Ligand code: ADP
Ligand code: MG
């Protein structure tokens, strides 16, 4: 299975659906250690991303994800908008390029997607300067990427790699509970930020779970209006 235009489109729509479903939980988490807008920030951003895709005739998965990133940057005011926006633009850029006619999977197979997801994490880190353990998006994305890479390197299929990444991201998000925030709004709370799961790490887990869901062999296509 290749990460083609259809799957890229399905991924963004699945993230939008997951964010809609989990909006209240994300907001609740952000109310505990932030300003309570993470759910609404992402809902606004991914709803706009789906609208943008409805009007797009993309020429590959890279175009879908680049447009998604651009839309997130322009529609989300919170810290997470530019961070996720840059990440999706970097993933899109990594998946855009000349295909090798002798190896069509070179740009869209599990290994290529692993490198694109690595470019996404790099973009988050360049902009946000967070280290693992700072209680941010990085704490879910880092283990998810490691799991995805390890699976891809050992010859796993895209669904297998995506499932391993989703599980690692969910674990990474849970593992933020005891951490003290060192970046973003939650860091203003100092010690009082401990004991709460980080909202951004939680939404990153939703992103990776959505990837596992749309690549699963029995995945049902989401209609463009869903
Ligand atoms: P804001 O903090 O502006 O209200 P959001 O509520 O949408 O923005 O997003 C908050 C989340 O952003 C945090 O839970 C954290 O995971 C993430 N975050 C904040 N700063 C950084 C950073 N420097 N690097 C990575 N992620 C960050
Ligand atoms: Mg917030």
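The values are calculated or read from the model by the stated rules, or taken from the named source; none is laboratory data. All values reported here derive from a predicted model rather than from experimental measurement. Every residue, glycine among them, receives a Cβ derived from its backbone with ideal geometry; neighbour counts consider all protein chains shown.
The set of residues from region 176-201 being at pLDDT 95 or above, more than 12 Å from ligand 2 (Cβ to nearest atom) and assigned to a helix (DSSP H, G or I) comprises just one member, 201. Of the residues contained in region 16-23, one or more are found to be within 30 Å of residue 160 (Cβ to Cβ), more than 16 Å from ligand 2 (Cβ to nearest atom) and crowded, with 24+ Cβ neighbours inside 10 Å. The residues listed here are 4, 37, 30; of these, the one that is buried (at least 16 other Cβ atoms within 10 Å of the Cβ), under 19 Å from residue 87 (Cα atoms), touching a residue at least 24 places away in the same chain (Cβ under 8 Å) and touching a helix residue (DSSP H, G or I) at 6+ places or on another chain (Cβ under 7 Å) is 4.
Taken together, 29, 72 contain a single residue that is closer than 18 Å to residue 199 by Cβ, modelled with pLDDT of 95 or more and within 13 Å of ligand 2 (Cβ to nearest atom), which is 29. Based on this model, can you work out whether residue 126 counts as more than 17 Å from residue 205 (Cα to Cα), surrounded by fewer than 18 Cβ atoms within 10 Å (Cβ to Cβ) and either modelled with pLDDT of 95 or more or within 12 Å of ligand 1 (Cβ to nearest atom) (or both)? Yes, satisfied. Being surrounded by 16 or more Cβ atoms within 10 Å (Cβ to Cβ), out of contact with any strand residue (DSSP E or B) (no Cβ under 6 Å at 6 or more places or on another chain) and under 30 Å from residue 57 (Cα atoms) is a property that does not hold for residue 219.
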